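To start, the structure under review is shown below, and the notes come after it.
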Amino acid sequence: MAHHDVIVVGGGPGGSTAAWRLALAGLRPLVLDAAVFPRVKICAGWVTPEALADARVDPQKYPLTIQPFSACRFEFDGARTETRWRRPASYGILRREFDHYLLDRARAAGADVREGARVTAVTQDAGGIRVVSPHGTFTASVVIGAGGHRCPVAEALGEVSGHEEVVIAQESETRLSPEWVEALGRWWEAPELYVEPDLKGYGWYFPKGDVLNVGVGCVAGPGADLPRRRDALVRALRAAGRLPADLPIEPFRGHAYVVRRRAPRKLAGDRFCLVGDAAGLARDLSGEGIGPAIKSGMLAAEAVEARLARGAGLEAYAAAIVRRYGSGETSWLGRQLARIPDSWARGLVRAVLNTAATRRHVVFGRIFGMREVAS
Ligand SMILES: Cc1cc2nc3c(=O)[nH]c(=O)nc-3n(C[C@H](O)[C@H](O)[C@H](O)COP(=O)(O)OP(=O)(O)OC[C@H]3O[C@@H](n4cnc5c(N)ncnc54)[C@H](O)[C@@H]3O)c2cc1C
């Protein structure tokens, strides 16, 4: 049975960032991912400047598909608004490429990456962590759980309850011919967001490079009916000319993630940290999860390095996450807002979206993390 200082379960942005950072510190983390990269990841691929900076990815030098955006449109209740920035305020990437790039970077830095290695069991005892996969059984002093919302480390050690809030989403990502990109040119310069009438989610129309990503997500539960929302969005996009009837698009595919709001998972223990979706860190209103996965991967790696070098406790990691993303419990303000009648809530959202300053600073700045990149 091979022993490692640290095992990372999952090689998405959270796991690959943690492994990269650990490898740069001179460790040789073992990364186990169920998939073989490049793999499909259901995701719109919207990244903030902050996420790229945290990942130490320079958008000017990134060698794969990257689409800078300096405008974004919002539609709610029949009103359409557009916000513009002088410089790019966010980017579009393809997850298939981006995740592969980050994982290869971790491998090049010295991480031992095993693909096609689905972890089937994780146990902990006084001596350490034991991880079982088709590539063998491995032991380690510490494990980082980065396997997405069904992460086996979270399920074994993170005190996952059956009461979590889950966001369900469906998307279609299609590579278009140059003729189609030209024909859709007027829709190509800015992503568009469509707030659902009941405020339970939103849809998006997101062009990037020669790829069009269309999707919709909402909080699971009574009335969620995602297929109805998807069909309504597609109908509206077709009627508006953004999705011409003869433009073939890839079938919609679904995925879900948990939001750390109702029943937060345990973020760390004596021998484990959870990062990214495994910890439920995707932002509840915007759904931004790439940035939190990268940031938490970095923070987990720093905490694990300190534990291995000096025996420091991993609770420092959990405290850093709570400082940054909150405790996961609904705030007093959140509880009051949840009680206001739907018509008032819609009026409030209308007022916020229709005022340029609140849209720019509250909606895009605070909720979506979109800020102009300094030149
Ligand atoms: C439809 C949709 C659209 C989204 N759009 C955006 C967006 O535009 N921008 C944004 O910031 N966020 C978006 N998100 C959220 C974002 O995709 C996630 O938050 C992000 O991928 C989390 O990264 P991660 O590294 O934690 O997990 P993942 O990217 O899910 O990586 C987890 C990895 O673990 C591996 N794995 C799983 N189980 C096992 C196992 N048992 N053993 C070994 N390996 C395992 C998987 O193969 C995978 O590679 C979207 C989510 C959805 C569902």
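The values are calculated or read from the model by the stated rules, or taken from the named source; none is laboratory data. Quick caveat: nothing in here was measured; it's all calculated off a predicted structure. Cβ coordinates were reconstructed from backbone atoms using ideal geometry, including for glycine residues, and neighbour counts include every protein chain displayed.
Identify the single condition in (1) over 24 Å from V214 (Cβ atoms); (2) touching a residue at least 24 places away in the same chain (Cβ under 8 Å); (3) within 16 Å of the ligand (Cβ to nearest atom); (4) surrounded by fewer than 16 Cβ atoms within 10 Å (Cβ to Cβ) that V40 does not satisfy, given that it satisfies every other one. It fails just one condition, (1).
Checked against the criterion of being away from the ligand (no atom under 12 Å from the Cβ), touching a residue at least 12 places away in the same chain (Cβ under 8 Å) and within 22 Å of R262 (Cβ to Cβ), the stretch 278-301 has at least one qualifying residue. Against the condition touching a residue at least 40 places away in the same chain (Cβ under 8 Å), more than 21 Å from the chain's Cα centre (by Cα) and farther than 23 Å from G289 by Cβ, how does D125 come out, does it pass? In short, no. Considering the stretch 1-91, the qualifying strands (runs of 3 or more DSSP E), each wholly inside and each with 2 or more residues that are under 26 Å from P207 (Cβ atoms), run over 66-69, 71-76, 79-84. Looking at E171, E196, E164 in this structure, which one is charged (D, E, K, R), closer than 30 Å to L22 by Cβ and in contact with a Gly (Cβ under 9 Å, 6 or more places away or on another chain)? None of the other options fit; the residue is E164. Only strands (runs of 3 or more DSSP E) whose full extent lies in the stretch 178-239 are considered here, and the ones with at least 3 residues that are farther than 17 Å from F252 by Cβ are 192-195.
Scanning the stretch 262-302 for residues that are assigned to a helix (DSSP H, G or I) and either among the charged types (D, E, K, R) or in contact with a strand residue (DSSP E or B) (Cβ under 6 Å, 6 or more places away or on another chain) (or both) returns D277, A278, I290, K295, A300, E302. For the stretch 56-77, taking the residues that are of a type in the set (K, R) and out of contact with any strand residue (DSSP E or B) (no Cβ under 6 Å at 6 or more places or on another chain), the one that is surrounded by the most Cβ atoms within 10 Å (Cβ to Cβ) is identified as R56.
Just to be sure before I move on: is E173 away from the ligand (no atom under 14 Å from the Cβ) and either more than 19 Å from D5 (Cα to Cα) or at pLDDT below 95 (or both) in the structure I sent? Spelling it out, it is not the case that E173 is away from the ligand (no atom under 14 Å from the Cβ) and either more than 19 Å from D5 (Cα to Cα) or at pLDDT below 95 (or both). Look at the stretch 12-26: where a residue is within 11 Å of the ligand (Cβ to nearest atom) and a partner is among the acidic types (D, E), sitting 6+ places away or on another chain with Cβ atoms under 6 Å, you get G12/D99.
Scanning the stretch 105-137 for residues that are in a helix (DSSP H, G or I) and buried (at least 16 other Cβ atoms within 10 Å of the Cβ) gives R105, A106, R107, A109.
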